Amino acid sequence: MLGVGGFKTAHPGFLTLLSAPKTPLGSRPRQKVAVKRPFYKKYPPGSSKNPINFSIGRYTISDELPKLFREANVLYWARALLTFAYEYIDHCVANSSETPPFHIPRLRFVEAGLALSHDHAQPGHKSKSMTMPRAGYLVEELITDDFIKYIHNMDCNPMLDPYEVGYEIAAFLACTQHIQYAKTGGLAFISDYQGGFEILSDPQVLTHPLVNNGKDVFGDGNIERAVSTFEKEHNCNKYCKWSGFKLKIYEAAKRGTETETDSAQDALE
């Protein structure tokens with residue numbers, strides 16, 4: 001097993017498609033992939049819900065498929081939002097009289113697809129298409145880098161400290177949240193940024209309660225409160241503050257600057 005997350009388990013696998021696409025996923029035979037499947041935690045009878053003492057429970061196919069389709073939908077929209085942020089960044093850089101005083105990391109989300117496992121056709125069945133799927137899986141490109149959690153689902157700031165490996169990427173991704181939030185009119189941004197140094201996986205899209213008339217479209221990880229409080233919680237960093245991006249500096253960053261100034265003055269006194 002590659003790992004256990006809050007909602008899915010990840011397993012190593014191989015993928016061979018009969019007709020190889022041009023996309024990275026399935027472009028060669030026996031490609032190493034990550035095979036993910038939703039689960040729920042099963043606790044021993046009469047025991048408390050210890051965060052460690054549980055076993056993996058699997059959903060029925062009727063419950064599993066909607067969860068997988070929702071995961072794929074989240075990934076689809078996260079890819080669109082990240083692409084949108086990069087298009088805005090590239091536009092600003094191309095039209096600025098000054099070169100950004102920092103390197104812009106280039107990341108993308110994994111290529112992925114849904115796979116269904118079917119039982120063999122029973123005697124008397126004329127076609128295998130008549131069999132019902134017995135399990136579903138989300139198949140993704142395998143991330144071979146060290147897996148890093150850049151931004152937590154309930155936060156809009158880096159999880160990493162400035163001295164830790166990956167901090168610059170985390171700070172940049174926090175800026176993409178700022179861009180997504182600002183340019184969607186405060187309606188949505190990507191959270192739960194995690195993955196390698198070039199490829200990301202398992203995102204969450206957070207939306208304002210106004211989106212879809214308040215009906216959740218992105219699953220249990222969609223913490224709407226995080227969108228409503230973004231301007232109070234987000235701390236603008238050097239990427240956000242570059243004048244070429246023309247982003248509003250939110251109050252959290254201003255309060256942080258004031259606090260740092262006050263602390264410095266106190267130290268001098």
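Could you check, for the range 45-53, whether at least one of its residues is out of contact with any helix residue (DSSP H, G or I) (no Cβ under 6 Å at 6 or more places or on another chain) and in a helix (DSSP H, G or I)? No; the residues of the range 45-53 include none that is out of contact with any helix residue (DSSP H, G or I) (no Cβ under 6 Å at 6 or more places or on another chain) and in a helix (DSSP H, G or I). Filtering the range 219-243 to residues that are modelled with pLDDT under 65 and either part of a loop (DSSP other than H, G, I, E, B) or surrounded by fewer than 14 Cβ atoms within 10 Å (Cβ to Cβ) (or both) leaves GLY219, ASP220, GLY221, ASN222, ILE223.
Do we have any residue at all in the range 134-151 that's hydrophobic (A, V, I, L, M, F, W, C), touching a strand residue (DSSP E or B) at 6+ places or on another chain (Cβ under 8 Å), under 25 Å from ALA34 (Cα atoms) and without any contact (Cβ under 8 Å) to a residue 40 or more places away in the chain? Walk me through it before giving the result.
Within the range 134-151, the first condition is being hydrophobic (A, V, I, L, M, F, W, C), and the residues that meet it are 135, 138-139, 142-143, 147-148, 151.
So of that shortlist, the ones also touching a strand residue (DSSP E or B) at 6+ places or on another chain (Cβ under 8 Å) come out as 135, 138-139, 142-143, 147-148, 151.
Right, trim to under 25 Å from ALA34 (Cα atoms) and you get 135, 138-139, 142-143, 147-148, 151.
Next, only the ones that are without any contact (Cβ under 8 Å) to a residue 40 or more places away in the chain stay: none.
Scanning the range 134-151 turns up no residue that is hydrophobic (A, V, I, L, M, F, W, C), touching a strand residue (DSSP E or B) at 6+ places or on another chain (Cβ under 8 Å), under 25 Å from ALA34 (Cα atoms) and without any contact (Cβ under 8 Å) to a residue 40 or more places away in the chain.
Somewhere in the range 62-77, is a residue part of a loop (DSSP other than H, G, I, E, B) and either among the polar types (S, T, N, Q) or within 20 Å of GLU140 (Cα to Cα) (or both)? No: the range 62-77 contains no residue that is part of a loop (DSSP other than H, G, I, E, B) and either among the polar types (S, T, N, Q) or within 20 Å of GLU140 (Cα to Cα) (or both). None of TYR86, TYR43 is of a type outside the set (S, T, N, Q) and at pLDDT 90 or above except TYR86.
Checking each residue of the range 109-132 against the condition of being aromatic (Phe, Trp, Tyr) and part of a loop (DSSP other than H, G, I, E, B) gives no match.
Do we have LYS246 as farther than 24 Å from GLU141 by Cβ and modelled with pLDDT under 95 here?
So LYS246 does not fit the description; no.
Would you be able to say whether some residue in the range 41-50 is charged (D, E, K, R) and within 18 Å of LEU142 (Cα to Cα)? Among the residues of the range 41-50, not one is charged (D, E, K, R) and within 18 Å of LEU142 (Cα to Cα), which makes the answer no. Considering the range 78-102, and only residues there that are assigned to a helix (DSSP H, G or I) and not hydrophobic (A, V, I, L, M, F, W, C), the residue that is nearest to LEU114 (Cα to Cα) turns out to be ARG79. If you check ALA78, ALA115 for being among the small types (Gly, Ala, Ser), at pLDDT below 95 and surrounded by 13 or more Cβ atoms within 10 Å (Cβ to Cβ), only one passes: ALA115.
You will find that of MET154, MET159, the residue that is surrounded by fewer than 20 Cβ atoms within 10 Å (Cβ to Cβ), in a loop (DSSP other than H, G, I, E, B) and free of Cβ contacts under 8 Å to residues at least 24 places away in the same chain is MET159 and no other. Taken together, the residues in the range 5-19 that are at pLDDT below 90 and either loosely packed, with under 13 Cβ neighbours inside 10 Å or part of a strand (DSSP E or B) (or both) amount to 3.
The values are calculated or read from the model by the stated rules, or taken from the named source; none is laboratory data. Quick caveat, the model's predicted, so the values are computed rather than measured. Here the Cβ is made from the backbone with ideal geometry for all residues, glycine too, and neighbour counts use every protein chain on show.
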